[in-house]
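Below is one structure, written out as C-alpha cells; the observations come after it.
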Amino acid sequence: MSTITTLFDNEGGLNQIYYKAADIIPQALVLTQATYAGSVEGDKPKVVVPYVDTPDNTQVVAEGGTIAESDATIKEAAITTVKVPQLAVLSNESITENELLTMVQNALGNAVTDKADALLLAAPAPEEGQSGLTGLFNTKNVLDGGELTAQTGLAPIIKAIGDIGANNGTPTALIMNPSTWAQLLMLKLSDGTPLVTPDVANTPTPSLYGLPVILNRQAPAGKILVNSQAEVIAVVSQMTITGSAERYFERDSFGIRLTMRLGWTVIHPNRLATITVTTK
C-alpha cells in the first residue's frame, strides 16, 4: 500500500486528516473490482446513485431516414453503506519515531483493506426485512456456474463466461482464494496432464481465457467468482485519519483512528457467476 505521511500535533489534542481512499488502500477490491459511483459524505446509511441502463437495440438507418428514439433510461440504485474503522493506541514516546508511526498507519490501512475485501466478497445476505451489505459470492440471482472437477476440466468457467455474455455482460476477472487456486493447480486430467498448464501457473499475474486471476484470502474457499466490474457499483468515502492525545491522557498515550464508509450494489446479478471447485 502507499506510504502515509501524517504529522499529528501532540499538543493540539484532536487532529483529522483526509485522504482519498485510493491513496491509502489502493489494493482494496471495492476500488479495483467495482465501478466507482461517487464518494459518501457523512454517516449516511444509504446512498442513491444514478446509472444508465444502455439499450441493445441499435438499428441501422438509411441515409436521410428517421432515427428512432432510444429507450435508454436513467435508473437509480439505493446502496447501503457501512463504516469500517481501525484504532491503535501508542505511547507518546513512540509517535516521535516517524518510521514507526508510518508502519502503524500502514498496518491499520491493511486491516481496513482486509475488512473491506471480506465484506465485498463474503458478507452474508441480511435477514428478511433487514438492510445491509451482501457479498458478491452471496448475491441473489448471481449465475450458478456449477461444479468444477478434474472430470469437467475448466469447462464450467468457459460456460459461465458464455452465459454472462449471453446476458449482455462482460466478464472482467476470476476472483478466488489462494487455496482455491492451489486446488486448481493440483487437479489433473485422466492422462495426468495438469488442469492448469505450468506456463499459466508459474506467471506472477496468471489469467485464464483472458481473464486475470485475482487471488484474495477473503474469498470463500472452494469458490470462484466470475466478476463483471461494470455491474458492481460502489461508493467509497474519503479515508479519515484522526489522532487524539486527550482521550488517553492518563496513559501518556496517543490514539490513531482510521475510518471510511463504503457500500455497493449489483445492478445485473445475472452478469456474474459463481463456481464451486472440488477435488473429489
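The values are calculated or read from the model by the stated rules, or taken from the named source; none is laboratory data. Here the structure is a predicted model, which means the values were calculated and not measured. Every residue, glycine as well, gets a Cβ built from its backbone with ideal geometry; the counts of neighbours run over all protein chains shown. Accessible surface areas use protein heavy atoms only, side chains included; no ligands, DNA or RNA. Shrake-Rupley method; radii C 1.70, N 1.55, O 1.52, S 1.80 Å.
From the list ARG251, ARG261, ARG271, ARG257, pick out the single residue that is closer than 21 Å to GLY169 by Cβ, of a type outside the set (A, V, I, L, M, F, W, C) and touching a residue at least 24 places away in the same chain (Cβ under 8 Å).
Numbers: ARG251 fails: closer than 21 Å to GLY169 by Cβ; ARG261 fails: closer than 21 Å to GLY169 by Cβ; ARG257 fails: closer than 21 Å to GLY169 by Cβ.
Unique residue meeting the criteria: ARG271.
Could you say which residue among VAL232, VAL142 is within 29 Å of VAL84 (Cβ to Cβ), over 14 Å from the mean Cα position of the chain (by Cα), of a type in the set (Val, Ile, Thr) and at pLDDT 95 or above?
Working: VAL232 fails: over 14 Å from the mean Cα position of the chain (by Cα).
Going through VAL232, VAL142 in turn, just one is within 29 Å of VAL84 (Cβ to Cβ), over 14 Å from the mean Cα position of the chain (by Cα), of a type in the set (Val, Ile, Thr) and at pLDDT 95 or above: VAL142.
From the set of residues in the stretch 79-115 that are part of a strand (DSSP E or B), aliphatic (A, V, I, L, M) and open to solvent by less than 30 Å² (accessible area, probe 1.4 Å), which is modelled with the lowest pLDDT? First the steps, then the outcome.
First, pick out the residues of the stretch 79-115 that are part of a strand (DSSP E or B): 79-91.
From the residues that got through so far, the ones that are aliphatic (A, V, I, L, M) too are 79, 82, 84, 87-90.
Filter again for open to solvent by less than 30 Å² (accessible area, probe 1.4 Å), leaving 79, 84, 88, 90.
Values: ILE79: 88, VAL84: 91, ALA88: 83, LEU90: 78.
Ranking the qualifying residues of the stretch 79-115, first place goes to LEU90.
Take THR259 and tell me if it is in a strand (DSSP E or B) and of a type in the set (S, T, N, Q).
yes
Could you list, in sequence order, all residues of the stretch 222-248 that are farther than 30 Å from LYS75 by Cα and assigned to a strand (DSSP E or B)? Walk me through it before giving the result.
Initial filter on the stretch 222-248 (farther than 30 Å from LYS75 by Cα): 222-223, 240-248.
Once the filter is applied, which keeps residues that are farther than 30 Å from LYS75 by Cα and assigned to a strand (DSSP E or B), the stretch 222-248 yields LYS223, THR240, ILE241, THR242, GLY243, SER244.
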